[in-house]
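All remarks here apply to the structure that follows.
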Amino acid sequence: MTTALRQPGPRVSLDVDEIRAQFPILREKISGKPLVYLDNAASTQKPRAVLDAVTRYYEHDNANVHRGVHTLSERATVAYEAARTKLARFIGASDPSEIVWVRGTTEALNLVAWSYGMSVLGAGDEVLLTGLEHHSNIVPWQMVCEKSGARLRVVPVLDSGEIDMAAFASLLGPRTKIVSVAHVSNALGTILPVAEICRLAHEAGAKVVVDGAQAVAHAPVDVAALGCDFYALSGHKMYAPMGIGALWARRELLDAMPPWQGGGEMILDVTFEKTTYNVAPHKFEAGTPDVGGAIGLGAAVDWIESVGRDRIAAHESVLLAYAAEALMSVPELRMIGTARAKAGVHSFVIGDIHPHDIGTILDSEGIAIRTGHHCAQPVMHRFGLAATARASIAVYNTTEDIDCLVDGLAKVRELFR
């Protein structure tokens, strides 16, 4: 399996109390009880360093970027582009201009589908997905296939929650133009073997798009080591603000792709007869960008690196194993997804108790988890379920958080006895 999303090496110490102290929201009480936040796959909380960076921008540097000659605009532009450079280094990109700012992973995947996809797909061509995908990595491809006449094909999911790699290899063919896969399943936590997927897809002549929304906060990610062609991520799942994300793509692909939105910033010259577009990444960034969000994302990168990505991965690996064992002690609990390689997520059901009831009762105990189909209804259908309860961890979680979850689940069972 790829080491591009590396499994942790030797255990290293992490002062979780010191880390928790940097997250003001973790001092909140819900229903009079200390907050236990286990909904990190939906959105992580923000450390003081990120909150301060965003506040500092709005208090001291707030201005539009690239277009002004005054001091505030120049300071905002420097900070905005510095964040792009930080993120490029963070994911192993060789050139900051390969980073396109977007609102999040959903917009990044739509950008690839509508710009690259519509450029290369024709009738009879194929786009290959897996059965583990988030709706944001399904719906854009369905829309583009409908427009282009291409066909969507799906790699099946095994009972373990892993994808069937033999089936993946057999589905690749001369008509496969695009393979688009999650790096980590948001519903089950399965880590997909992306490097192997890229190798096989490239041998078949296809480009590979990776939905990295659930990967970047949990372990080092290196797009060069993965060998992918596109990588999409969201800031709010890696301790940065909501509303900012990025698409990384190989420079030659960005240069060849047409803009997908028109407006200011993405042009060099406009007349009523013709528009000359700016170069990448700017030709994909029409309109006023989320400058504060990008600066916040850059601060999140600094913060993660200050903690240490290997240390984060090691801590979360231990915590995930502890949670798996603790959850299995709950009578009638059935874990959904038992892949050998997982990150961040445990999804489960308890007897015939509806997951929404589980989530509501846990909330009354101050415990935040996610319940529902997790925007991954095909995954639910695969396991014959309408919904699951999902507990997802981040670097600030502790074994005490898991113990609170297990105690809360005992109360859920008592109420439905």
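For this structure, a couple of remarks:
- The single condition from (1) outside any loop (DSSP other than H, G, I, E, B); (2) open to solvent by less than 50 Å² (accessible area, probe 1.4 Å) that Val330 fails is (1).
- The residue that is farthest from Ser306 (Cα to Cα), among those in segment 196-228 that are open to solvent by 30 Å² or more (accessible area, probe 1.4 Å) and among the aliphatic types (A, V, I, L, M), is Ala204.
- Subset of segment 356-368 [open to solvent by 10 Å² or more (accessible area, probe 1.4 Å) and part of a helix (DSSP H, G or I)]: His356, Asp357, Gly359, Thr360, Ile361, Asp363, Ser364
- Selection from segment 150-196 of residues that are over 19 Å from Leu226 (Cβ atoms), part of a loop (DSSP other than H, G, I, E, B) and either of a type outside the set (Lys, Arg) or free of Cβ contacts under 8 Å to residues at least 24 places away in the same chain (or both): Ala150, Pro156, Leu158, Asp159, Ser160, Gly161, Asp164, Gly173, Pro174, Ala187, Leu188
- Among the residues listed as Gly262, Gly308, Gly337, Gly344, the single one being open to solvent by less than 60 Å² (accessible area, probe 1.4 Å) and under 24 Å from Arg103 (Cβ atoms): Gly344
- Scan of segment 131-149 for residues that are outside any helix (DSSP H, G or I), closer than 15 Å to His373 by Cα and of a type outside the set (A, V, I, L, M), ordered by number: Gly131, Glu133, His134
- Flag if Ser392 is closer than 22 Å to Ala219 by Cα, among the hydroxyl-bearing types (Ser, Thr, Tyr), buried (at least 20 other Cβ atoms within 10 Å of the Cβ) and touching a helix residue (DSSP H, G or I) at 6+ places or on another chain (Cβ under 9 Å): no
- Test result for Asp125, open to solvent by 10 Å² or more (accessible area, probe 1.4 Å), among the acidic types (Asp, Glu) and over 26 Å from the mean Cα position of the chain (by Cα): yes
- Check on Ala41, touching a strand residue (DSSP E or B) at 6+ places or on another chain (Cβ under 7 Å), part of a loop (DSSP other than H, G, I, E, B), modelled with pLDDT of 95 or more and crowded, with 16+ Cβ neighbours inside 10 Å: yes
- Tally of residues being closer than 17 Å to Val209 by Cα, part of a helix (DSSP H, G or I) and in contact with a helix residue (DSSP H, G or I) (Cβ under 8 Å, 6 or more places away or on another chain) across segment 234-282: 4
- The numbered conditions (1) open to solvent by less than 60 Å² (accessible area, probe 1.4 Å); (2) closer than 20 Å to Ser160 by Cα are all true for Arg382 except (1).
The values are calculated or read from the model by the stated rules, or taken from the named source; none is laboratory data. Worth saying up front: this structure is predicted, and the values here are computed from it rather than measured. Note that we place each Cβ from the backbone using ideal geometry, even for glycine, and neighbour counts take in every protein chain shown. The area values use the complete protein model at the heavy-atom level, side chains included, leaving out ligands, DNA and RNA. Shrake-Rupley method; radii C 1.70, N 1.55, O 1.52, S 1.80 Å.
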